[in-house]
Amino acid sequence: MSGAMKYRTDIDGLRSVAIIPVVLFHAGLAAVSGGYVGVDVFFVISGFLITSVIMRGIEKDTFSFTHFYERRARRLLPALFAVLAFSLVVGFFVMSPVQYRDMGTAIVATVFYVANILMWSRSGYFQSSSEYDPMLHMWSLSVEEQFYIFYPLLLLLITKSLKRRPLVLVSLISLASFALAEWGVRNAPNPTFFWLPTRAWEMGLGAIVALSTIGTVWSAHVRHMIGLSGLALILFAVVFYTPLTPFPGMSALPPVLGTAMIIAAGRGGANIAGLILSWKPLVWIGLISYSLYLWHWPVLVFLNIHFGLHHVPAWAMASGVILSLALACLSWRFVEQPFRSSSGYSRKQIFTISGAGIAAFTVAGLVLFSAQGFDTRFNPKTNAAFHAAEGNPYRERCMGLRTREELCQIGDETSSPSFVLWGDSHAMSAAQGFDVAAKSQGRRGLLATHSDCPSVIGVSGSPLHNGSSCERFRQNILEIILADDAITDIILHARWARYSEPGLAWEIGAPPAFELLDPTLRPLAGEGYSRNYLDEGLLALVTRLRAAGKIVHVVEGVPEQAFEVSYAVGRHLGFSADLPPAIDTAHAQHRARLFDRIGPVIDAAGAHRHQAMQRFCKEVCVYVVDDKPLYEDDNHLSLFGSEFAFADFDFEAAR
C-alpha cells in the first residue's frame, strides 16, 4: 500500500451512482424506489478511501491525527457551513415555529456530528413528517464522522501496539456489525437504521478491500465480470427496493457488496464497469456529489413546505433538482475548492474557521430552540394551530403502561374508576374528549393505550405493529379489567382502518397486520380479508368482556385526511396559503367499512357501536372549526378535535 494513492476516475463515477438515485428518490421518482441505498454506496467508498489514506500514513510513519482531521475539516466543513447558513435564512421566511425550532436543534446536532442520534430519537410514532426536516440527511455524515473518530485509533492500536495486520480484526468487527444489523432490523429497526454499530460493516467492507489484495491479480475477464456484476447489484437495489424493505441488514448486501466488487475490480486494471463509470459526465457529478448531497435535501424540503407535502407539482420538483445541481456546482467551485488547498488557507486558519463556525451555528441553533422558532413572527391563533401537534398531556405519560397503578386516569377526580378507554394511539388522542364527557357525568376511568396496538385478543401483530410488546400489554389490561368488578364499561377505540385494510390506510405493500395466535379462532369470511384477523380478534375480545358482565362500547374510527392538518391550518393563518381540500364522505365511509363488515356480529355479541364519522362528515369531512385544527397530523385528533368528537359521549345510552 506504499506510494501515492492513484486517482481513480471510476470511484468518482461510482459516487455519481450513489448520489443520483438518492436525489431522484428524494424528489419522488417512483422508478428509483430504492434510491436511498446510494448512502450505503458512499459508506463503502469512504471505508475504502479512508483506510487507504490511514494505512499509507502508518506504513510511512507519517500518519498524524492533526493532519488527518485537518483534511476532514477542509473537505467537509466549508460546504456544510454554507448549507446551514442558507437553511437558517430561508427557514425564517417559510418554516413554522415548530419546524424552525426543531431545525435549530438539528443544526447543533449536525455540527457536533450526532445528527444520527437525534434523528433516531425523532423517529417515533408521533414525530412530524421527515419531509419537513432540512437536516434529516445529515445523519449519514454523522455516522461517517463517528467512524473517523474511532477507526484511526483502531488501526494504530492494531499495527503499532499489537504489531498485527488489521485485516483479520477489521473483518471480525465488520462481521459482528453485520450480524447486529441483521438482528436489529427485525427487533429494533429505528436505531439499527441510524446508529454507527449497525452501519460500520458497510464501511468495514470497503476497508477490507483496501487492506487485502482482492482484485489486484484478477484477469481482465474476471475484472469485467466482477465489475459489471457489482454495478448490477447496486442498480437492482435502486430499482426494486422500497421504503418497506427491511434495511440495513441482509437487504443491504447487494448494494454494499456491489460497491466493493466495483472498487476491487478497478484495482487490477481497466474493466468495462470502470470504463462506464469513467464517463466524464458521471465523473463530474461524482466530483460535486458531496455538495449535491448537502444541498438537494434542504431545497426539496423547502419546496415541500411551500407547496404542502405531497402536493409539489412535478415541474417544481424538477426545478428543485436543477437548482440543487446548480448550487452544488457553485458550492464545489467557490466553497469546497478554495479550502482544500493548503496554499489557500493554512492549518491554523482552517481550525480557526472550523471552530468559529461550529460555535456560531451552535449559538444559532440554541437561540432558535430557546426562542421557540421565533414564534413572535405569528399571532397567537396561528401559533396555536402550529402547536396543535404538541402539548397532549396523555402522549408522553400514558402510552404503553401496563399496571393498574401506572395507568392514567381521566374524568371526575372525586369518583372511582368505572370504565376503561382501551386502544391504540387514536384512543390516546381521543382521551381529552372522553375526559370532558366523564367529568360531566360524574364518571372516572382508566386510560389504557399502546401505539400500533388495537384492542383485540387471540392475534399478534407483525413486527411492524409492535407484536410482542403489544401482546403483553393486551394481556395485562385484560387482567386488570377482569379483576375489578367496579369497572363496568369498556370503550374500545382504534385506527381500525389501519389494521383492517393495510393497502388503504396502512403502507402499500405492508405485510398483514396480524398473525393468528389462538388456533380456535378463524377469520370471518368475505371481501378477501382472510389474511387479516382483526375482525375475529375484536369479536373474541367483545365476547370475553361480555361474558364477564362488562358493558362494551366499540367506537368507530375517525375520518382521516390526506395531509398534516395542524400544519396546513397554521400555514393558512400565517402565510395565507390555501387550505387543502377535505376528503369526501364517500371516501371516509370506505375507510370505515370495518363497521359494515363486522358490525352485525359485534351487535349479536352484545356490544354497542358508536358512530364517529357523522360528527365530522356531511358532504365532506371537516378538519378545521373556527380556525382551530381538529387534528394533530392527518389522523390523530388534536385536543380540540377530541372534544369536538367525543365530549358528548353518553355512557348511559348503552344501558
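The values are calculated or read from the model by the stated rules, or taken from the named source; none is laboratory data. Computed from a predicted model, the values in this text were never measured in an experiment. Using ideal geometry, Cβ is built from the backbone for each residue, glycine included, and neighbour counts are taken over all protein chains shown. SASA here: full protein model, heavy atoms, side chains in, ligands and nucleic acids out. Shrake-Rupley method; radii C 1.70, N 1.55, O 1.52, S 1.80 Å.
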key: Backbone N under 12 Å from the residue 488 label point (7 Å along Cα→Cβ), restricted to segment 613-655   = 651-655
inquiry  = List the pairs from 381/439; 6/280; 60/160; 60/163; 550/618 whose alpha-carbon separation is above 23 Å, in the order I gave them.
reply    = 381/439; 550/618
message = Taking 0.36 nm per residue of sequence separation and subtracting the Cα-Cα distance, how much length would be gained by fully extending the chain between residue 367 and residue 284, in nm to one decimal?
response = 26.0 nm
message = Along its three principal axes, how long is segment 131-181 when you only count alpha carbons? Whole Å, largest extent first please.
response = 49, 23, 11
key: Pairwise label distance in nanometres, residue 276 with residue 413, each label 7 Å out on the Cα-Cβ vector   = 7.0 nm
key: Gyration tensor (alpha-carbon) shape descriptor, segment 1-115, a/c threshold 1.5   = oblate
key: Where only alpha carbons of segment 298-395 are counted, the Rg and the Dmax (Å)   = 19.8, 59
ask   = Of all the accessible heavy-atom surface of segment 325-452, with the other protein chains kept in place and a 1.4 Å probe, what percent is carbon and sulfur?
value = 59 percent
task = Treat each spin label as a single point 7 Å out from the Cα along the C-beta direction, and report the residue 64 to residue 176 distance in nm.
result = 3.3 nm
Dipole in debye (nearest 20) - the chain, about Cα centre, beta carbon charges: Lys, Arg +1; Asp, Glu -1 = 3020 debye
note = the chain: relative contact order from alpha carbon pairs under 8 Å, six or more residues apart, as a whole percent, is 15 percent
remark   = In this structure, the FRET efficiency calculated for residue 333 and residue 578 from their beta-carbon separation, with R0 = 56 Å, to the nearest 0.05, is 0.90
message = I'd like the carbon and sulfur percentage of the solvent accessible area for segment 20-94, probe radius 1.4 Å, heavy atoms only, ligands and nucleic acids excluded.
response = 70 percent
query = Want the number for residue 626 to residue 318: 0.36 nm per residue separation, take away the alpha-carbon distance, what's left?
reply = 107.2 nm
task = List the residues whose amide H sits under 5 Å from the amide H of residue 624, counting only those 5 or more places along or on another chain, with H placed 1.01 Å from N in the peptide plane.
result = 630
ask   = Restricting the count to DSSP beta bridges whose residues both fall in the chain, what percent are antiparallel, rounded to a multiple of 5?
value = 40 percent
key: Computed helical MRE - 222 nm, the chain, DSSP H runs ≥ 4 contributing -39500 (n - 2.57), nearest 500   = -18000 deg cm²/dmol
FRET efficiency, 1/(1 + (r/R0)^6) with R0 22 Å, evaluated for residue 647 and residue 406 via beta carbons = 0.25
ask   = Hey, what does the equivalent ellipsoid look like for segment 93-169, semi-axes from the Cα gyration tensor as sqrt of 5 times each eigenvalue, largest first, whole Å?
value = 37, 12, 8
key: Protection proxy ranking of 176-183, 9-16 - average other beta-carbon atoms within 10 Å, highest first   = 9-16, 176-183
message = Suppose each label sits 7 Å from its Cα in the direction of the beta carbon; what would the residue 6-residue 154 distance come out to in nanometres?
response = 2.8 nm
key: Extended-chain gain in nm, criterion 0.36 nm per residue less alpha-carbon gap, residue 343 and residue 213   = 43.3 nm
task = Go through 163-170, 644-651, 445-452 and give me the packing order, highest mean Cβ count within 10 Å leading.
result = 445-452, 644-651, 163-170
Mean accessible surface per residue for the chain, computed with a 1.4 Å probe while every protein chain stays in place, in Å² = 41 Å²
inquiry  = Using only the alpha-carbon atoms, what does the chain span along each of its principal axes? Please give whole angstrom values in decreasing order.
reply    = 87, 57, 46
